[in-house]
Amino acid sequence: MERLFDPPEEEPAEELTDGPLAARMRPRRLEEFVGQEHLLGEGSALRASLESGEPHSMVLYGPPGTGKTTLARLAAEHASAAFEELSAVNAGRAEVREVIARARERRGGPHGRATIFFLDEIHRFNKAQQDALLPAVEEGLLTLIGATTENPYFEVNSALLSRAQVYELHALDSDDVEALLRRALERGAGEGIEVPSEVITFLAVRAGGDARTALNALELAIATAQRAQEPRVTLGDAEDALQRKAVLYDKAGDQHYDYISAWIKSTRGSDPDASLYYLAAMVEGGEDPRFIARRMIVLASEDIGNADPQALPIAVAAAHAVEHVGFPEAEFALAQAAIYLSLAPKSDAVKRALGEVHGHIREAGAKPPPAALRSAAYPAARKLGRGKGYDYPHGHPGHINDQEHLPEGLERLRFYFPDEGEPEARDRLAELRKARGLED
C-alpha cells in the first residue's frame, strides 16, 4: 500500500522491484508515459511545462487508470521537487496544514526546495477545505495538482479553479493498454509463464481504458497460472481475473464484418432486439464506436430515406455523441439510435434512384443543363445566353412553375419513385408533377 505522503526530503524514487504490478510499471520518465497525446504531444503547453521543471497548479480530470497520479509524480520528478500526496477521502484541514507547513520549511531551507502537492479525489473536499489551500497556492508556496473523476467545474470551487489549469484525460484506447501490458511482460512480469496474444488483447480491450485495472488483472491471471503450475495463462485465467467473459471478436477479421453485417440486416429488418444484441457484441469486442456510428448514418439514408427523414439527423447526432462524449457513456446514444432506426419505416427508394441516375449517366454521359438554368454569374455569361428565360418559381402560386429542368431530349426521364414506405414523398411528388404538367 502506498504511503499517505513521503518524508519531507525524500530523494526521487528508484524503480520498484516489489509491490503491485501497476505500481512497478508506473513510468519514471515522461517518455515512458502512454496515451493522452492531446495533452502531452510534442510542443504542447503541458509537456513544455513539465520538461522545463516549472509545472503550474492544475486539476487533472478523467476516469480511473488514465495516468493522473503518474503525471503528478512526473511533474515532481522533472522539477526536483518534494512530492506530498494526500487523498481527500481520508484527509482534512489538519493534514493540509501540515503539508503547507512542511512546504514552507523546504522553501525557507538552504536549498529552497519546491513542493508538489498531489491531492487525489479533490472533489471530496468541501468548500472550507478547498479554501484552506488558496493562500498557499496564491503565494506559490506549493504547486497544487488535484485529481478527480468528477467534472471539476461542478465540484471544485471557482476560486481554486481560477488558480489552476484544468486538463481532461481520456480513457486509454485498447492499443495503448496493450502496449503497457506487453511492456510489463518484457520487464519480467510472469517470467517463465507464457501469456498468449489473445489474453493480452482480451485484457486490453475489456479493461475499459483503465491501465491499472488491466495490469492488476494480468498480475492476477499470471498468479493463477503459477499456482496451478501451468506453463501458460489461459483465456479462462484472464476472464476470472477481470470477472468478465471474453467475446471472440477480431476487429480486423471475420467477426468485424460478420457482426456489422448482422447489425445492418437486423436493423433493416426492423428487429430492435437483434440490432441491440449485435451492437452490444461489437462494443464488448472493442469495435471502434466511430465505425458503428458511420454505418448508422449510411443505413439511415440507404434503408430508411424519406420514409422517416428524422432517421438521418438522429444517426448523425449519435455520431456526434461518440466524438464529444466518448465511451462508455456514448453507448447510450448508439443504442437509442439503433432502436430508432430499427423501428423507423423503411424505404430504399433513395438508393434505387441513385443507382438509376448513375447508371444512366455512365451509359449516356451527362448532358449540359438547359441555358436558362446555367450560371449567369460572370460578366460574359449573359452574352452567351446563360440564365436567359429562367422562370423564378416564387413568382407562381404554390411556388411551382412548369419550366423544364432536365437537359434537352431527357424531358420524360424519371429516376425517383417513392414506394409505399414513403407515402408523404409519393403524394407530394405526384402533386408537383401534376402542377407542372408533367403527369405521365
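Between beta-carbons, use under 11 Å as the cut-off and find the net charge around Gly92, counting Lys and Arg +1, Asp and Glu -1.
+1
How big is the range 315-440 along each principal axis, measuring the range of its Cα positions in Å and listing the largest first?
Principal-axis extents of the range 315-440 (Cα, largest first): 61, 38, 37 Å.
Provide the FRET efficiency to the nearest 0.05 for the Glu31-His56 pair, computing r from the beta carbons and using R0 = 30 Å.
0.90
Nearest 0.05, what FRET efficiency do Leu373 and His320 give at R0 = 30 Å with Cβ-Cβ as r?
Once the sixth-power term is evaluated, E becomes 0.25.
Ratio of alpha-carbon Rg to the 2.2 N^0.38 Å globular estimate for the range 21-168, to two decimals, please.
For the range 21-168, the normalised Cα radius of gyration comes out at 0.99.
Going by amide H atoms built from the backbone, whose H comes under 5 Å of the H on Arg232, apart from near neighbours?
Glu194
What are the principal axis extents of the Cα atoms in the range 114-199, in Å, biggest first?
Taking the Cα atoms of the range 114-199, the three principal extents are 54, 29, 19 Å.
Could you go through the range 58-74 in sequence order and give the Karplus-derived ³J(HN,Hα) for each residue, using 6.51 cos²θ - 1.76 cosθ + 1.60 with θ = phi - 60°, rounded to whole Hz, and x for Gly and Pro?
Whole-Hz 3J(HN,Hα) from phi for the range 58-74: 8, 10, 9, 10, x, x, x, x, 9, x, 5, 5, 4, 4, 5, 5, 5.
Spelling out what I want: for every residue of the range 189-195, take phi, set θ = phi - 60°, compute 6.51 cos²θ - 1.76 cosθ + 1.60 (Karplus), and round to whole Hz; glycine and proline get x.
Along the range 189-195, the couplings run 5, x, 4, x, 10, 7, 10 Hz.
What do you get when you divide the Cα radius of gyration of the chain by 2.2 N^0.38 Å, with N the number of residues?
1.41
Percent antiparallel among DSSP beta bridges with both residues in the chain, to the nearest 5?
0
Once label points are set 7 Å from the Cα along Cα→Cβ at both Lys434 and Ala381, what is their separation, rounded to one decimal in nm?
Inter-label distance under the simple model: 3.6 nm.
Given Cα pairs under 8 Å that are at least 6 residues apart, what percent is the relative contact order of the chain?
11
Would any residue of the range 207-228 have its amide N under 18 Å from a label point 7 Å out along Cα→Cβ of Glu284? List them or say none.
Residues 207-209 fall inside that zone.
Cα centroid distance between the range 361-435 and the range 301-320, in Å?
With the range 361-435 and the range 301-320 each reduced to a Cα centre, they are spaced 26 Å.
Compute the helix-to-body angle for 423-435: its Cα long axis versus the longest principal axis of the chain, expressed 0 to 90° and rounded to tens.
Orientation of helix 423-435: about 40 degrees from the principal axis.
If only Cα atoms are counted, what is the Rg of the range 254-343, and what is its Dmax, in Å?
Rg then Dmax for the range 254-343, in Å: 11.6, 33.
For the residue pair Leu185 and Glu302, what label-to-label distance in nm results when each label sits 7 Å from Cα along the Cα-to-beta-carbon direction?
Result for the modelled spin labels: 3.7 nm.
Which number gives the lysine pairs in the chain that have C-alpha atoms under 27 Å apart and are eight or more places apart or on different chains?
Lysine pairs meeting both conditions in the chain amount to 12.
Within 12 Å, Cβ to Cβ, of Gly43, how many net charges do the neighbouring residues add up to if Lys/Arg are +1 and Asp/Glu are -1?
Its environment carries a net charge of -2.
Can you tell me the 0 to 90 degree angle between the C-alpha axis of helix 272-284 and the longest principal axis of the chain, rounded to 10?
It is inclined by approximately 40 degrees.
Only the coordinates and a few stated rules stand behind these numbers; no lab work does. Only a predicted model underlies this, so the values are computations on that prediction, with no experimental measurement involved. Ideal geometry is used to build each Cβ from the backbone, glycine not excepted, and the neighbour counts take in all protein chains shown.
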